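Shown next, in structure tokens, is the structure this report addresses.
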Amino acid sequence: MATSSPYQQLRDELAEIDALSGIEGLLQWDEQVMMPSGDGAASARAKASSALAGVVHAKRTASSLGELIELCGGRKVTQEKLGADATTFDVANVKRAAEGFDRASRVPPAMAKKEAELGSRGYRAWMEAKKNSDYSVFAPVLKEWVELVKERSSLINPGGDPYDTALDDYERGLTSARLDEIFAPVKAEVSALIKQVYDVEEGPVALRSVGGKSVLTGDFDAEKQAALSRQIALEMGFDLTAGRLDVSAHPFTGGADFTDVRMTTRYKSDDLSEGLTGTIHETGHALYEQGRPREYAGQPVSQAHSMGVHESQSLLWERMVALSPDFSTFLLPKLSDAFFGQFDGVTNDQLHASFNTVKKPSFIRVESDELTYPMHVILRYELEQGLIKGDVDVDALPELWNAKMEELLGHRPPDDAKGVLQDVHWSAGAIGYFPTYLLGAMYACQIYETALTKLPGLEDEIRKGEFARLREWLNKNVHALGSSFDSADALLEHVTGKPLDGEAFVKYLREKYTKLYGL
């Protein structure tokens with residue numbers, strides 16, 4: 001294509017916006033990892049971030065950008081419109097640009113400013129409310145967010161379902177009707193399975209000879225944990241010449257672009273599993289970021305498909321790989337070398353069971369296990385959907401939360417800090433985000449099931465610590481496709497031959513935990 005073509009001009013504009021967004025990513029990483037802790041630094045960073053956000057928003061909503069998108073065909077773009085050498089990725093790139101522009105330009109600057117202000121105020125209110133377990137401090141802010149999300153949704157998609165519009169921010173092309181269909185078998189069958197497991201007082205079969213005690217609890221040197229975690233990240237394929245691994249209070253993956261991917265983790269001296277699984281989880285995110293399509297660097301189509309698909313890549317490595325008996329076979333000798341004498345006499349089965357012990361009670365989502373986690377997400381999904389649809393009153397939320405927790409998991413939180421106030425998301429207006437966590441687990445299960453059929457001998461490779469073939473397969477079939485598909489179902493159909501199947505996830509959990517607990 002000629003360099004002066006509308007499409008090339010559009011690519012240039014989009015690349016500049018992406019570069020500015022990369023600076024935002026670096027500022028966010030720095031704030032959580034390196035920035036001084038004083039109030040002055042926080043205040044200065046808030047001003048810098050706000051100023052940069054204003055510049056980015058202005059460029060994302062500029063009429064000149066909209067005109068270029070329309071010249072290229074907008075949402076109705078075709079390969080013919082773009083030229084003879086246009087690819088399906090070019091078509092998808094224009095579509096993603098059009099979708100992003102439409103959503104951003106329908107939110108007036110005053111609303112964007114109000115969202116930023118409410119996010120800052122909401123975070124402070126949430127912190128105070130959680131610290132004192134006092135929901136009344138947070139409720140007024142949540143009421144504002146519910147109304148603002150509904151107002152924003154009506155501007156973006158007039159006449160549409162407001163929750164579906166909010167959901168689209170995080171999982172493109174998905175509706176609550178489809179979510180209800182996907183989550184229904186999980187809610188019914190996994191909740192029943194949890195009750196069965198909870199009835200097994202003696203714990204996993206492999207740990208009964210040691211009184212049910214996890215081999216991953218004890219006293220583990222943090223520096224040794226960090227060295228082992230870094231080694232495993234490298235063996236998984238993380239490129240340290242294009243990334244970093246640091247420590248932060250809350251693990252995350254960010255950075256500027258695929259050449260500068262920054263992930264963090266954390267370590268607990270009395271629990272070895274958190275640092276290991278956390279690092280493996282974030283490395284899954286980082287491999288996705290480092291594997292995005294480089295020939296479309298800076299373009300919307302090069303971005304990850306969605307939050308749910310991103311989560312699938314971290315959870316595939318964390319749960320399907322690291323929580324497997326094959327990985328325990330690989331890991332146990334490394335633990336013995338790193339923590340001399342602390343794993344003497346431990347078997348592969350005991351290590352595997354320790355990684356997969358179901359927690360009872362399970363109050364906190366981020367501390368929950370693989371089996372109880374889906375219920376935490378479904379609880380939040382049903383409540384936030386009710387908030388936006390008007391079926392749930394903000395003031396009644398704590399009691400509704402506790403009742404639903406008892407319904408799904410069999411226990412009520414002792415206070416609101418361990419209940420309705422435990423997550424930060426709603427303080428930032430991130431309504432529609434929670435479902436992506438469970439979607440990620442379900443996508444991961446289906447993708448890994450396909451990988452096992454496409455890559456004969458994969459389990460043997462994992463036992464040996466050979467991860468290259470799996471990483472390369474994921475890169476080819478997920479990472480390098482960016483956001484070229486219109487929906488996650490379409491991407492899954494391309495990778496696995498079928499859209500998301502909730503029953504497959506239920507089957508995986510049932511078979512795994514029936515064996516672990518001798519049901």
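Before moving on, here are some points about what is shown:
- Cα centre as origin, Lys/Arg/Asp/Glu Cβ charges: region 418-519 dipole, Debye: 320
- Loop chymotrypsin sites (Phe, Trp or Tyr not before Pro), region 307-395 (other Cβ atoms within 10 Å of the site Cβ: 12 or fewer; DSSP): 340
- Equivalent ellipsoid semi-axes, region 1-41, via Cα gyration tensor eigenvalues times 5, rooted, Å: 37, 7, 5
- For residue 15, neighbours were defined as the other residues whose beta-carbon sits under 12 Å from its Cβ, and their charges (Lys and Arg +1, Asp and Glu -1) total -3.
- Of the residues 328, 340, 253, the one whose Cα sits farthest towards the positive end of the charge dipole of the chain is 253 (charges of +1 on Lys and Arg Cβ, -1 on Asp and Glu Cβ, taken about the Cα centre).
- Answer label for mean projected area of the Cα convex hull in nm² (calculated), chosen among (1) 26.4; (2) 30.6; (3) 24.0: (3)
- Candidate cross-link partners of residue 130 among the lysines, defined by an alpha-carbon separation under 23 Å and a same-chain spacing of 8 or more, comprise 143, 268, 359, 360, 404, 418.
- In nm, spacing of pseudo-spin labels at residue 181 and residue 231 (7 Å Cα→C-beta vector): 4.8
- Global form of region 11-100, assessed from the alpha-carbon gyration tensor, a/c cut-off 1.5: prolate
- Only DSSP H runs of four or more residues enter the estimate; each adds -39500 (n - 2.57), and after division by the residues of the chain the mean residue ellipticity at 222 nm equals -19500 deg cm²/dmol.
- Dividing the Cα radius of gyration of region 411-483 by 2.2 N^0.38 Å, with N the residue count, gives 1.64.
- For region 62-92, the residues whose amide N sits under 17 Å from a probe point set 7 Å from the Cα of residue 112 along the beta carbon direction are 62-69.
- The residues packed around residue 166, meaning those with a beta-carbon under 10 Å from its beta-carbon, carry a net charge of -3 if Lys and Arg are +1 and Asp and Glu are -1.
- Note on the chain: with charges restricted to the Cβ of Lys and Arg (+1) and Asp and Glu (-1), its dipole about the Cα centre is near 240 debye.
- Backbone amide hydrogens, once placed in the peptide plane, bring residue 61 within less than 5 Å of nothing, excluding anything fewer than 5 places away on its chain.
- Evaluated at q = 0.17, 0.23, 0.34 Å⁻¹: base-10 log I(q)/I(0), Debye formula over Cα of region 61-100: -0.37, -0.65, -1.15
- With a Förster radius of 41 Å applied to the C-beta separation of residue 259 and residue 43, the computed FRET efficiency comes to 0.85.
- Computed from point charges on the beta carbon alone (+1 for Lys and Arg, -1 for Asp and Glu), the dipole magnitude for region 1-114 about its Cα centre is near 480 Debye.
Coordinate-derived values only; no laboratory data. For clarity, every value in this text was computed on a predicted model and none was experimentally measured. Cβ: placed from backbone, ideal geometry, glycine included. Neighbour counts: every protein chain shown.
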